[in-house]
């Protein structure tokens with residue numbers, strides 16, 4: 001039995017002191033596959049280093065995170081495109097719209113998101129979508145671009161049952177569930193209960209959103225087990241069955257990792 005962490009940022013500075021130890025710990029504890037979504041071009045060298053060091057365990061995705069969209073973001077999109085041309089990415093991401101902290105670059109975020117979704121379709125890759133306080137804006141763009149060639153993950157889902165249903169009805173998307181499902185007052189457990197497991201993938205979003213009982217500490221991919229245990233409890237199934245279903249879901253999005 002093994003699990004797939006479909007979203008982990010093991011290349012960021014929070015892991016500079018013990019990165020290899022953290023990756024090996026995850027592998028040893030059964031988290032055999034880890035997808036590394038991009039944030040900004042400054043991280044690409046470390047992303048590549050990790051996937052070269054752990055080619056059977058770590059997988060690349062390139063994208064400009066919405067919080068890093070500023071004036072002149074087109075240069076970053078060009079870097080994403082250049083890296084996609086190498087052919088070793090499993091997805092375009094993390095991309096999307098985030099209007100939680102700052103709406104200054106809201107229009108640029110929409111533009112950057114749309115351009116990167118189009119890139120994903122061009123390169124026949126799935127997208128990893130970040131949405132915060134922006135479901136309507138994201139849905140508007142996906143509604144426009146969705147077809148049989150578009151698939152991906154709505155990462156770190158915190159939406160309503162109705163929003164989950166809309167995502168599922170697109171046809172090619174899965175819903176990413178992370179440590180938030182373990183938070184006492186998040187309400188996400190009730191939403192997850194109503195989502196068919198065939199539509200769910202697991203993720204940590206490390207080093208962020210550490211699950212209970214590690215909340216408040218740096219998150220890491222080995223903590224995926226706590227998320228898996230919570231989802232298995234909600235769905236009243238064994239960890240083994242959960243692993244098999246969610247791994248299969250990940251393969252449907254990314255291809256064979």
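FYI, it's all coordinate maths here, none of it is from the lab. Just so it is clear, the structure is predicted and the values come from calculations on it, not from any experiment. Cβ coordinates were reconstructed from backbone atoms using ideal geometry, including for glycine residues, and neighbour counts include every protein chain displayed.
Just name the residue that is farthest from residue 205 (Cα to Cα) out of those in the stretch 29-57 that are touching a residue at least 40 places away in the same chain (Cβ under 8 Å) and not in a loop (DSSP other than H, G, I, E, B).
Residue satisfying both the conditions and the ranking: 50.
Among (1) out of contact with any strand residue (DSSP E or B) (no Cβ under 9 Å at 6 or more places or on another chain); (2) not in a helix (DSSP H, G or I), there is one condition residue 157 misses while meeting the rest; what is its number?
With (1) out of contact with any strand residue (DSSP E or B) (no Cβ under 9 Å at 6 or more places or on another chain); (2) not in a helix (DSSP H, G or I) applied to residue 157, the lone miss is (1).
Regarding the stretch 209-224, can at least one residue be identified that is over 17 Å from the mean Cα position of the chain (by Cα), part of a helix (DSSP H, G or I) and crowded, with 17+ Cβ neighbours inside 10 Å?
no
Give the stretch 173-194 a look and list any residue that's free of Cβ contacts under 8 Å to residues at least 40 places away in the same chain, in contact with a strand residue (DSSP E or B) (Cβ under 8 Å, 6 or more places away or on another chain) and not in a strand (DSSP E or B), or say none.
188
From the list 162, 133, which residue is out of contact with any helix residue (DSSP H, G or I) (no Cβ under 8 Å at 6 or more places or on another chain), over 25 Å from residue 34 (Cβ atoms) and touching a residue at least 24 places away in the same chain (Cβ under 8 Å)?
Working: 162 fails: touching a residue at least 24 places away in the same chain (Cβ under 8 Å).
Only one candidate qualifies: 133.
Any idea which residue in the stretch 184-194 is surrounded by the most Cβ atoms within 10 Å (Cβ to Cβ), counting only those that are touching a helix residue (DSSP H, G or I) at 6+ places or on another chain (Cβ under 9 Å) and farther than 11 Å from residue 231 by Cβ?
The selected residue is 191.
Scanning for something exposed (fewer than 14 other Cβ atoms within 10 Å of the Cβ), under 17 Å from residue 8 (Cβ atoms) and more than 14 Å from the chain's Cα centre (by Cα), does the stretch 165-180 turn up at least one residue?
No, the stretch 165-180 has no match at all.
One residue is enough: does the stretch 229-245 have a residue meeting the conditions assigned to a loop (DSSP other than H, G, I, E, B), surrounded by 21 or more Cβ atoms within 10 Å (Cβ to Cβ), without any contact (Cβ under 8 Å) to a residue 60 or more places away in the chain and touching a helix residue (DSSP H, G or I) at 6+ places or on another chain (Cβ under 7 Å)?
Checked against the condition, which is being assigned to a loop (DSSP other than H, G, I, E, B), surrounded by 21 or more Cβ atoms within 10 Å (Cβ to Cβ), without any contact (Cβ under 8 Å) to a residue 60 or more places away in the chain and touching a helix residue (DSSP H, G or I) at 6+ places or on another chain (Cβ under 7 Å), the stretch 229-245 yields no hits at all.
So which residues in the stretch 1-28 are touching a residue at least 12 places away in the same chain (Cβ under 8 Å) and either in a loop (DSSP other than H, G, I, E, B) or on the phi > 0 side of the Ramachandran plot (or both)?
Listed by number, the residues that qualify are 1, 2, 6, 7, 9, 10, 11, 12.
Could we say that residue 119 is surrounded by 13 or more Cβ atoms within 10 Å (Cβ to Cβ), without any contact (Cβ under 8 Å) to a residue 60 or more places away in the chain, in contact with a helix residue (DSSP H, G or I) (Cβ under 9 Å, 6 or more places away or on another chain) and more than 19 Å from residue 175 (Cβ to Cβ) here? Working first, answer last.
Working: surrounded by 13 or more Cβ atoms within 10 Å (Cβ to Cβ): yes; without any contact (Cβ under 8 Å) to a residue 60 or more places away in the chain: yes; in contact with a helix residue (DSSP H, G or I) (Cβ under 9 Å, 6 or more places away or on another chain): yes; more than 19 Å from residue 175 (Cβ to Cβ): yes.
Yes.
Name every residue in the stretch 195-207 that is in a loop (DSSP other than H, G, I, E, B) and surrounded by fewer than 16 Cβ atoms within 10 Å (Cβ to Cβ), in order of residue number.
Just the residues of the stretch 195-207 that are in a loop (DSSP other than H, G, I, E, B), to begin with: 195-196, 203-205, 207.
Scanning the stretch 195-207 gives a single hit, 196.
Looking at residue 30 and the list (1) over 22 Å from residue 128 (Cα atoms); (2) crowded, with 21+ Cβ neighbours inside 10 Å, which single condition is not satisfied?
Tallying (1) over 22 Å from residue 128 (Cα atoms); (2) crowded, with 21+ Cβ neighbours inside 10 Å, residue 30 fails exactly one: (2).
Among the residues of the stretch 90-116 satisfying the criterion of being surrounded by 14 or more Cβ atoms within 10 Å (Cβ to Cβ) and out of contact with any helix residue (DSSP H, G or I) (no Cβ under 7 Å at 6 or more places or on another chain), which is nearest to residue 158 (Cα to Cα)?
Filtering the stretch 90-116 for residues that are surrounded by 14 or more Cβ atoms within 10 Å (Cβ to Cβ) and out of contact with any helix residue (DSSP H, G or I) (no Cβ under 7 Å at 6 or more places or on another chain), the one nearest to residue 158 (Cα to Cα) comes out as 94.
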